[in-house]
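Trainee: First, the structure itself, so that you have it in front of you.
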Amino acid sequence: MLDLSNIPSQQQQTYTLYATGNWQTWNKPRGAKFIEIFCLGGGGGGGHPTISAAAVGGGGSGGSAGIVRGLIPAFLLPDTIYILVGKGGRGSSASGTAGSSGEISYIALQPSTSEQTLICKSSTTVAGGGGLTTAGGGATISVVALSAFGNLGLFTSTAGVVGSAGGANTGGNGNNQTALGTNLITGGASGGGKTASVFGTGGNITSASAILTTQVNGGVIAGQNGGDGYGTLQPFCGTGGAGGAGITTGAGGRGGNGFYGCGGGGVGGGSVASKAGDGGDGLVIITVIC
């Protein structure tokens with residue numbers, strides 16, 4: 001039967017690709033009319049302050065990744081495209097070291113990150129890892145126009161969210177992040193600082209929406225770990241990890257791990273090494289409209 005009205009049906013097929021560290025192939029199914037793309041990079045890992053018996057600030061948290069969404073007529077695409085899903089950055093586990101940056105996710109016509117082969121990438125720069133006490137940067141917005149084959153479709157881009165700076169070295173509390181304030185994902189919350197006699201609590205991930213109703217709590221007693229971030233795939237949204245609490249003597253609380261694309265939480269200040277939260281891996285979701 002001929003489709004005289006040229007209106008796509010409501011039949012859909014959805015493919016989700018996870019971070020593997022390698023290029024993956026995706027084959028266009030028969031009968032595809034439009035291809036919708038959701039391309040998310042990896043979040044930055046949390047940072048670890050320098051351990052000290054005296055005063056020290058809390059570890060900074062990682063920033064979140066960028067997101068690109070696009071719609072492309074299927075007939076303009078080849079039968080096979082290549083996808084590299086970015087991994088999240090590792091949270092630091094060594095005194096006085098920053099967390100690792102997240103990776104960018106790429107969708108291309110060849111297994112190459114060259115702009116001349118790209119359909120899109122999740123951001124222009126990576127999501128930064130949290131510093132010793134400073135916030136990790138959010139991934140900068142993807143400039144789709146720089147990718148030659150981005151002109152095949154219609155795209156929108158969203159920048160990542162900056163992480164949080166660590167609590168002050170006067171025993172200050174870690175700094176919070178708010179989920180769903182202006183973005184689908186968040187950076188992590190930071191660790192609490194400490195002195196030789198007082199400690200700060202870890203930063204929380206609070207929610208501005210009824211979609212994510214559970215607060216992710218940072219550590220509240222000396223050396224307590226921050227909670228891991230969480231989220232949903234329908235609708236897609238998520239949070240970074242919370243910050244660890246400081247401690248006057250011993251290991252500061254660990255930072256929580258981030259949900260997909262979100263930042264890891266920072267370590268609480270302490271006198272023994274601990275572990276910051278890992279940034280969430282990226283994610284690519286392709287929906288085929290038949």
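The values are calculated or read from the model by the stated rules, or taken from the named source; none is laboratory data. Keep in mind it's a predicted model, so treat the numbers as computed, not measured. Cβ sites come from the backbone with ideal geometry, for glycine too, and all protein chains shown count toward neighbours.
Trainee: Scan region 210-266 residue by residue and report those that are out of contact with any strand residue (DSSP E or B) (no Cβ under 9 Å at 6 or more places or on another chain), of a type in the set (S, T, N, Q) and either surrounded by fewer than 24 Cβ atoms within 10 Å (Cβ to Cβ) or over 11 Å from GLY280 (Cβ atoms) (or both).
Mentor: Across region 210-266, the qualifying residues are GLN224, ASN225, GLN234.
Trainee: Sort through VAL126, VAL144 and tell me the only one that's β-branched (Val, Ile, Thr), over 30 Å from THR248 (Cβ atoms) and more than 18 Å from the chain's Cα centre (by Cα).
Mentor: On inspection, the qualifying residue turns out to be VAL144.
Trainee: Moving on to the next point. Could you check GLY31 against (1) of a type in the set (Gly, Ala, Ser); (2) under 26 Å from PHE155 (Cβ atoms); (3) modelled with pLDDT of 95 or more and say which number it fails?
Mentor: The number of the failed condition is (3).
Trainee: Taking interchain pairs and intrachain pairs at least six residues apart, which have beta carbon atoms under 8 angstrom, with the first residue in region 188-210 and more than 22 Å from GLY160 (Cα to Cα) and the second crowded, with 24+ Cβ neighbours inside 10 Å and of a type in the set (Lys, Arg)?
Mentor: Within 8 Å, the pairs are GLY200/LYS194.
Trainee: Further question on the same structure: If the requirement is being surrounded by fewer than 19 Cβ atoms within 10 Å (Cβ to Cβ), free of Cβ contacts under 8 Å to residues at least 60 places away in the same chain and not aromatic (Phe, Trp, Tyr), which of these qualifies: THR170, THR178?
Mentor: THR178
Trainee: Here's a follow-up. Please work out if GLY160 is modelled with pLDDT of 95 or more and either assigned to a helix (DSSP H, G or I) or touching a strand residue (DSSP E or B) at 6+ places or on another chain (Cβ under 9 Å) (or both).
Mentor: So GLY160 fits the description; yes.
Trainee: Among the residues of region 113-144, count how many are over 16 Å from ILE37 (Cβ atoms), among the small types (Gly, Ala, Ser) and at pLDDT below 95.
Mentor: 1
Trainee: Ok, one more. Please go through region 82-122 and pick out each residue that is in a loop (DSSP other than H, G, I, E, B) and of a type in the set (Ser, Thr, Tyr).
Mentor: SER92, SER93, SER95, SER100, SER101, SER105, SER112, THR113, SER114, SER122, listed by residue number.
Trainee: Looking for whichever is more than 24 Å from GLY268 (Cβ to Cβ), touching a helix residue (DSSP H, G or I) at 6+ places or on another chain (Cβ under 9 Å) and in a strand (DSSP E or B) here; the options are PHE149, PHE155. Which one fits?
Mentor: Step by step, each of PHE149, PHE155 is checked, and only PHE155 is more than 24 Å from GLY268 (Cβ to Cβ), touching a helix residue (DSSP H, G or I) at 6+ places or on another chain (Cβ under 9 Å) and in a strand (DSSP E or B).
Trainee: Only one of GLY57, GLY63, GLY138, GLY131 is more than 21 Å from the chain's Cα centre (by Cα) and buried (at least 24 other Cβ atoms within 10 Å of the Cβ); which?
Mentor: On inspection, the qualifying residue turns out to be GLY57.
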